[in-house]
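Below are the structure tokens for one structure; questions will follow.
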Amino acid sequence: WSLPNAERYALQYADGRQTYITESNRRDIKNGSILRLTTSPDQEAEQLYIGIQNKNVDMKTDSLKKLASLSQDVTFAQEFISRNGLKQIYSIVEEGNDTGEMLAYTLKAFTELMEHDFVSWENLSTVFIKKIVSYVNMNAVDASIQQLSLSILENMVPTSRLLFEVVKKEVTLDRLLTHLQATNAQLQLKAMALLIALLLSATDAERRDMMDYLREKNIRQFIHKNIIHSSEPLGDEMAHYLYVLQSVSLNLCEHRMKMSMDPYSQEQRDLLQSLRQTAFESESEVPAGTFSTERRRSLCAKEFRKLGFMNNSNPAEDLRRAPPGLLALDNMVYFSRNTPNAYSRFILENSSREDKHECPFARSSIQLTLILCEILHIGEPCSETAQAFYPMFFGQDHFFEELFCICIQLVNKTWKEMRATQEDFDKVMQVVREQITRSLSLKPTSLELFKTRVNALNYSEILKLRQTERLHQEETLAVPVLELREKLKPELLELIRQQRLLHLCEGTLFRKISSRRRQDKLWYCRLSPNHKVLHYGDVEEGVQSPPIESLTDKIPVADMKMLLVGKECPHTKEKSSGKQNKDVLELAFSIVHDVEEYCLNFIAPTRYEFCLWTDGLNVLLGKEMTSERTQTDLDVLLSMELKLRLLDLENISIPDNPPPIPKPPSNLNFCYDFSHAEQ
């Protein structure tokens, strides 16, 4: 455009963040972007540098407002910082004359300029830091200024140990808890952000002290009630902070998890002995002098075996594996002390079972503790983006131990449901892991709700879910596949009908049962090839398939009225109710025919023959095939047919809805007109 002094101008995006266009980012311009001609960043930086020193309050406020907006742009920030603009911002804050709107713009501009990492946080003066801290600690300060101050401190804490100590000393946990209880959601969020930054920058010992103090102040209950269950929906940022708080809290168990049991530690041995004494109180009350040392040792070993320790002579050996280390012992002791009835019931119930069927308490507890550590990611560093926290964690003190108490009882329940033996230990623990992860994925809001859900998810439910998921993986439950399945059914049912009639044409050898229950006479029945007549007659032993002509009696299919099965048959009525009669009932069927309601009675040799004959006769009567064999055959044929048809679609996901049919074209002039013969 041949503008004079072209270097004083620049192009800038008109929308969004309004970034300046430079040589480095000009290739990122997309078609359709709206750009505007504006003053160049260096000219703008110069003007604002002078503007923020103006004695006129309105001019100074306008300059700071513009500075807060433009500081997001890296090119402008570089120009402004190179003119020593940050020094001016420091002096505005340190002098402390400006408050309200002007101070808010100053702090916003400072935050944005520091985001670009041109200047180290460690260069900040003590006066500046104390001023920012005072805004956080004062009550009569505008909420927007407190939010910006908290944000500045949050960015400052991770940069150096010195700054962490300054902020930790100046901003007390009590003060942060006061901000957390504010009704302003943004202020609450920034206070939580600073709290998390302090926790992540602290040493293990400091973190433990801070978490103990927060526990005393009931921070969990407050978060559960006022943040998780507040009327406002939880934002992604707050969800992430709650995940970090949960993770930091659970990781306090890491120290015990990685510590093996020391067999020479009196404290740890006492904990182990307390498990035995709680379970076998009455037996352990025998005076010490009654038994010899050897006898006493043997009694202890027997009791430790009943407790489910693998190494009953030296149970400490079982707890040498780390993880789960001493955390497993802590959990067992917590369970025995806090729910003594459930603990005693677990031990005594399994003591009375056969050796191979007893569920080993100690071995299960050690493995369960390890599973819970893996599920809850104890000992793993916090993710920088995850938001997966458990609402029930904040509703319960001693969350990990209470969760263990519910799950160890679940182990015993699942063990019984699976009728497990010692060899099935790993299988049972695998099912328990699945029960826990599936129940946790539903995000229950309290441990009571988790307990209800995990107990409802019994072994048979897990098997059903596994089966459904397998079918989903095979695409057998996709909507189009289910529709195809329905379309194939009539064709395959016809195939089954044909097979049943063919079987009737081949015929079957039946036994006659006399009133004395002697199965001595044989007779044969078969359908004529044209499906119009049933031929039957007595045959001699050893005859496998007599010709149709030798069967003298016949019933025309047209004369058949109905089929009776089981108890409805005349030849099964008024018989004794012995076991043999029950077997006969399951195999008996009769054909009612003729005007005189005459019946032809059958006792099928096997259940398979019973199903085929009753199905075939129902087909002849024009009725549905009702035997269980029909459903089995149909499922097999459908499964086979579907697999054959879906072979070409292997590893291709089938959408639930068909793709849309394109609209018809605006004209059909492209069609060839056959009416005109070609010249």
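The values are calculated or read from the model by the stated rules, or taken from the named source; none is laboratory data. Given the structure is predicted, the values throughout are model-derived calculations rather than measurements. Neighbour counts run over all protein chains shown; Cβ positions are idealised from the backbone, glycine included. SASA here: full protein model, heavy atoms, side chains in, ligands and nucleic acids out. Shrake-Rupley method; radii C 1.70, N 1.55, O 1.52, S 1.80 Å.
So if R0 is 41 Å, what FRET efficiency would Thr632 and Arg208 give, r being the distance between their Cβ atoms, rounded to the nearest 0.05? Write down the numbers at each step before the final one.
Working: r = 62 Å, r/R0 = 1.52.
My answer for the efficiency is 0.05.
Follow-up question, since we're still on this one. Any chance you could look up the accessible area of Leu70 with a 1.4 Å probe, heavy atoms only, rounded to 10 Å²?
That residue has around 20 Å² of solvent-accessible surface.
For region 41-112, would you read off the P(r) tail past 15 Å as a percentage of all alpha carbon pairs?
On the way: 1139 of 2556 pairs.
I get 45 percent for the Cα pairs in region 41-112 exceeding 15 Å.
Nearest 500 deg cm²/dmol is fine: what mean residue ellipticity at 222 nm does the chain get from its DSSP H runs of n ≥ 4 alone, each adding -39,500 (n - 2.57), divided by its residue count?
Computed mean residue ellipticity for the chain: -17000 deg cm²/dmol.
Quick check: the distance between the Cα centres of region 375-411 and region 257-276, to the nearest angstrom?
24
Oh, and also: Given a cut-off of under 8 Å on Cα pairs at least six residues apart, what relative contact order in percent is computed for the chain?
7
What is the magnitude of the charge dipole of the chain about its Cα centre, with +1 placed on the Cβ of each Lys and Arg, -1 on the Cβ of each Asp and Glu, and no other charges, expressed in debye to the nearest 20?
Charge dipole of the chain: 1760 debye, to the nearest 20.
Dividing the Cα convex hull volume of region 195-289 by residue count, how many Å³ per residue is that?
Values: hull volume 16.2 nm³, N = 95.
Given the Cα convex hull of region 195-289, per-residue volume reads 170 Å³.
Moving to a separate point now. Could you please state, rounded to a whole Å, how far the C-alpha centre of region 69-92 is from the C-alpha centre of region 586-641?
Cα centroid of region 69-92 versus Cα centroid of region 586-641: 91 Å apart.
While we're here: Given labels modelled 7 Å from the Cα in the Cβ direction, how far is it in nm from Asn601 to Asn667?
8.4
Please sort by residue number the GluC sites (Glu not before Pro) in region 287-383 whose DSSP state is loop and whose Cβ has at most 16 other Cβ atoms within 10 Å.
Working: sites: Glu294, Glu303, Glu317, Glu349, Glu354, Glu358, Glu374; in loops: Glu354, Glu358.
Those that pass, being in a loop and sparsely packed, are Glu354.
Of Lys30/Lys66; Lys66/Lys131; Lys464/Lys623; Lys416/Lys443, which sit over 31 Å apart, Cα to Cα? The partial results should precede the final answer.
Details: Lys30/Lys66 26 Å; Lys66/Lys131 23 Å; Lys464/Lys623 33 Å; Lys416/Lys443 27 Å.
Table pairs above 31 Å Cα-Cα are Lys464/Lys623.
Distance between Cα centroids, region 172-232 to region 324-341: provide it in whole Å.
If you average the Cα positions of each part, the centres end up 29 Å apart.
At each listed q (0.10, 0.14, 0.18, 0.22 Å⁻¹), what is the log10 of I(q)/I(0) that the Debye formula gives for region 73-180 modelled as equal alpha-carbon point scatterers?
Log10 of I(q)/I(0), two decimals: -0.27, -0.54, -0.90, -1.32.
What order do you get for 327-335, 177-185 when each peptide is scored by the mean count of other beta carbon atoms within 10 Å, highest first?
Descending mean neighbour count gives 327-335, 177-185.
If amide H atoms are built 1.01 Å from N in the plane of the peptide, which residues on other chains or at least 5 residues away come under 5 Å of the amide H of Cys525?
Those qualifying (amide H under 5 Å, at least 5 residues apart or on another chain) are Thr508, Phe510.
Measuring from label point to label point, each 7 Å out along Cα→Cβ, what is the His357 to Lys427 span in nm?
Result for the modelled spin labels: 1.6 nm.
With just the Cα atoms of region 35-256, tell me how far they stretch along each of the three principal axes, in Å, largest first.
Principal extents (Cα only, largest first): 60, 37, 37 Å.
Quickly rank 31-38, 460-467 as a protection proxy: mean count of other C-beta atoms within 10 Å, highest first.
So the order, starting with the most tightly packed, is 460-467, 31-38.
Please find the FRET efficiency linking Phe118 to Ile375, where r is the Cβ-Cβ separation and R0 is fixed at 41 Å, and quote it to the nearest 0.05.
It comes out at approximately 0.40.
While we're looking at this one, here's another question. Kirkwood Rh, region 418-475, all Cα pairs: how many Å?
Its Kirkwood hydrodynamic radius stands at 12.6 Å.
Right, next: Using only protein heavy atoms and a 1.4 Å probe, report how much of Arg26 is accessible, in Å² to the nearest 10.
Ignoring ligands and nucleic acids, Arg26 comes out at about 130 Å².
List the relative contact order of region 1-61 as a percent without decimals, with contacts defined as Cα pairs under 8 Å and 6+ residues apart. Display every interim value, and only then the final one.
Details: 50 pairs, mean separation 19.8, N = 61.
Answer for region 1-61 is 32 percent.
If Val141, Val166, Val431 are ordered by their accessible area, calculated over protein heavy atoms with a 1.4 Å probe, which sequence runs from highest to lowest?
Val166, Val141, Val431
Let me check the size of the chain from its C-alpha atoms; what are the radius of gyration and Dmax in Å?
Computed over the Cα atoms of the chain, radius of gyration and Dmax are 41.3, 127 Å.
By what distance, in whole Å, do the Cα atoms of region 334-467 stretch along each of the three principal axes, largest value first?
50, 40, 26
Further, regarding this structure: Return, for the Cα atoms of region 245-404, the radius of gyration and Dmax in Å, separated by a comma.
Looking at region 245-404, its Cα Rg and Dmax stand at 17.4, 63 Å.
Direction-averaged shadow area of the convex hull around the Cα atoms of region 489-632, nm²?
Answer in nm², one decimal: 9.2.
Next question, about the same structure. Only sites in a loop by DSSP and with at most 14 other Cβ atoms within 10 Å count here; which GluC sites (Glu not before Pro) in region 519-570 make the cut?
Glu540, Glu541
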